[in-house]
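Student: Dropping a structure here in structure tokens format, bear with me for questions.
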Amino acid sequence: MFETLFKNIKKPVHRNNKIATAAFFSVESSKIWLCANNNVALVIYLTTFHSFFAGLVANTFEIKSTQLPLVALLLKTPELAHIIEDLDAQFGPDSQSPDFFDNDALVLDFSYLESPSLSQALPQLLTTLQHCRLKPIAFRNAVKAIAVKALACGLIEAPADMPRGKPVAQKKNTDKPVVESVREIVREVVREVPGPATLVIDKPLRSGQKVYARGADLVVLAMVNMGAEVVADGNIHVYAPLRGKAMAGASGNTQARIFSLCLEPELISIAGVYRTSENPLSKDIQGKPAQVRLSNDGQEKLLFEALNA
């Protein structure tokens, strides 16, 4: 079609009893201009021009939806200066765990904060997070003033997180609450399915050593000495004395647990809720087989339970 059209255009064109021979073509939008001696001689409307050449474009990319794990920072105090100081002390370049994160994507959660004045310190908080090898990309549950500032800083607004607490008992003889209960359970299962893999360590971990089971459970068959760190996105099992730091559910899995045959940790953490050795464990837990988990009442408290034979 186009070959025949262009071939015919090359022939002389009669207009006002004058002959104008096509000298060049100029394509603009859906028009082909036939010019001669810098004067427009003929305009040909070609409505199918773009659709014809669109089919000739190479298929070089494809856009698909995807889901990626994010680290959530839940801010629990309006004193952002204290948060910045604590983050830098625990994960900053001069801390004991400067490489704890590996440029992980992060979402800021302002659920507990309502003061608009917090927006002034937001850029400094973002800078501190980057020094801790975290990449803030989104925020959620923010009041308008904070949301405006976050958007100006290049963050995107994420949807509010679903509640972590245990579903409330539904009323009897009603259909609607039953439907809501089923929907909530399905969503929780989708969010909290554990990773498919398990990382096994069969050698003792000395002070300064760190093991991270990304997207998996971690099983340690030897001692975790003071100064060593064991981290997992899933559960942590230590079949030996645990005297270092143990952090389970590192990506926010609130169902993760920590098990040890001899629990004497420097630090215990599940989904960001932690406790240090500054708060001694009870006598029936310290140095005994025990497990650690989060309470399921929505208050996110660490529970220490003895494992009886």
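Read the figures in this text as sums done on the coordinates, not as results from a lab. Note that the structure is predicted; figures quoted are calculated from it, not measured. Positions of Cβ are backbone-derived with ideal geometry, glycine not excepted, and every protein chain shown enters the neighbour counts.
Student: Any idea what the alpha-carbon Rg over 2.2 N^0.38 Å comes to for region 186-309?
Tutor: My calculation over the Cα atoms of region 186-309 gives 0.99.
Student: Would you grab the residues whose amide H sits under 5 Å from the one on Asp104? Only those 5+ places off in sequence or on another chain, please, with H modelled 1.01 Å from N.
Tutor: Hits under the 5 Å cutoff: Lys135.
Student: Suppose every Lys and Arg Cβ carries +1 and every Asp and Glu Cβ carries -1, with no other charges. What dipole size does region 196-301 come out with about its Cα centre, to the nearest 20 debye?
Tutor: Dipole magnitude for region 196-301 comes out near 160 debye.
Student: Here's a follow-up. Do any chymotrypsin sites (Phe, Trp or Tyr not before Pro) in region 57-122 lie in a DSSP loop with no more than 10 other beta carbon atoms within 10 Å, and if so, which?
Tutor: Sites meeting the loop and neighbour criteria: Phe61.
Student: OK, next. List the residues, sorted by chain then number, that are 5 or more residues from Gly227 or on another chain and whose placed amide H is less than 5 Å from its amide H.
Tutor: It is Lys245, by chain and number.
Student: Counting other Cβ atoms within 10 Å, which GluC sites (Glu not before Pro) in region 242-309 have at most 12 and lie in a DSSP loop?
Tutor: Glu278
Student: Hey, another quick one. In whole Hz and in residue order, list the ³J(HN,Hα) couplings for region 72-83 that follow from phi through the Karplus curve 6.51 cos²θ - 1.76 cosθ + 1.60, θ = phi - 60°; x for Gly and Pro.
Tutor: Coupling constants for region 72-83: 9, 9, 8, 7, 10, 9, x, 7, 5, 4, 5, 5 Hz.
Student: Beyond a 27 Å Cα-Cα separation, which of these cross-linked pairs lie in this structure: Lys149/Lys301; Lys76/Lys149; Lys135/Lys210; Lys245/Lys283; Lys144/Lys245; Lys76/Lys283?
Tutor: In this structure, Lys149/Lys301; Lys144/Lys245; Lys76/Lys283 exceed 27 Å between Cα atoms.
Student: Non-local amide H neighbours of Ala240 (under 5 Å, H modeled in plane, Pro and chain starts lacking H): which ones?
Tutor: Correct list: Leu261, Cys262.
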